[in-house]
Amino acid sequence: MDNIIEVRNAVYEYTDGDQTHRAVDNVSFNIERGSFTVILGHNGSGKSTLAKMLNGLFKATDGEILVDGIDTKKEDTEIEVKRKVGMVFQNPDNQLVASIVEEDVAFGPENLGLEPTVIRQRVDDALKSVGMYEFRQSTPHHLSGGQKQRIAIAGIIAMEPECLILDEPTAMLDPVGRKEIIETLHKLNKEKGITVVLITHYMEEAENADRVMVMNDGVIIDDNTPKEIFKNVELLKSVGLSVPQTTELLYALKQNGFNVTTDVLSIEETADVIASALEEK
Ligand code: ADP
Ligand code: MG
């Protein structure tokens, strides 16, 4: 298997005076090149700490993290690792630096010291790939949250990373903005082959992923396809994840003796599941 990221027995401990807090506790997994992975977990489960380890921002207290075979612990590999793995954070306002959209997207490639013609090309491509090309001359703060976050993603894409890690990129967005981001990520994954690691506490956002990892208290407690993960409503609820109302409804029906599955998410699929259960009765 071709892995872009390999995590082996990774530990991360925060030290505060004589107190140590283990935020990531002996975690091991691989991320396959070209895949779309969602890491689900409630607040404080260690997602952001893990994310920062995956692009070398945080060095593992113990264990090993390899990015494209490169050991992220080595000081002299930092730039190379960051070029391969781009990070997008929660708040788009903190990630936008320029007052014109295209200047903002150009910031990263400029720092890479690329030729102006190459920069121009990359900025245009990146803006098109997130569906924001027509806004290239706009002022970011006049845009919606979802649009601003897509500009932030374009800024990272313009540096042509192989992998994108997004740490709750939709947490500050309205439902429309959230949908725009998730669709954009799937498009980038399919059309550009960019490996996506999406961190979220919204279970709905895991629907079309290849794989879902559930994190709790610094540990990966489940790792499977979305369909398999969503069958286990009890587990998700037990780790404080909010289950979509459609799943909640199916779960309640199941507990009331209806023969329904809980592994569908869309309203249409839910309606179909209920309709066939009613026919059976
Ligand atoms: P998540 O992103 O899932 O909310 P974090 O990785 O931010 O989780 O935090 C994991 C745990 O580590 C939490 O218990 C949090 O309180 C703790 N933590 C996070 N940042 C620090 C820090 N700078 N110093 C000490 N503890 C921290
Ligand atoms: Mg976090």
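The values are calculated or read from the model by the stated rules, or taken from the named source; none is laboratory data. Everything quoted here is computed from the prediction, not taken from an experiment. Heads up, the Cβs are rebuilt from the backbone with ideal geometry, glycines too, and the neighbour counts pull from every protein chain shown.
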- Message: Can you find, within the stretch 24-64, the residue that is farthest from ligand 1 (Cβ to nearest atom) among those that are in a strand (DSSP E or B) and more than 28 Å from K227 (Cα to Cα)?
- Response: E64
- Selection count where residues are more than 16 Å from ligand 1 (Cβ to nearest atom) and more than 16 Å from I4 (Cβ to Cβ), scope the stretch 159-180: 8
- Which pairs do you get when a residue that is over 15 Å from N216 (Cβ atoms), found in the stretch 17-28, comes within reach of a residue that is of a type in the set (K, R) and assigned to a strand (DSSP E or B), reach meaning Cβ atoms under 7 angstrom, with the pair 6+ apart or on two chains? S28/R8
- Task: Can you give me the number of residues within the stretch 231-265 that are assigned to a loop (DSSP other than H, G, I, E, B) and either of a type in the set (S, T, Y) or touching a residue at least 12 places away in the same chain (Cβ under 8 Å) (or both)?
- Result: 13
- Residue check for E228: at pLDDT 90 or above, surrounded by fewer than 21 Cβ atoms within 10 Å (Cβ to Cβ) and outside any loop (DSSP other than H, G, I, E, B): yes
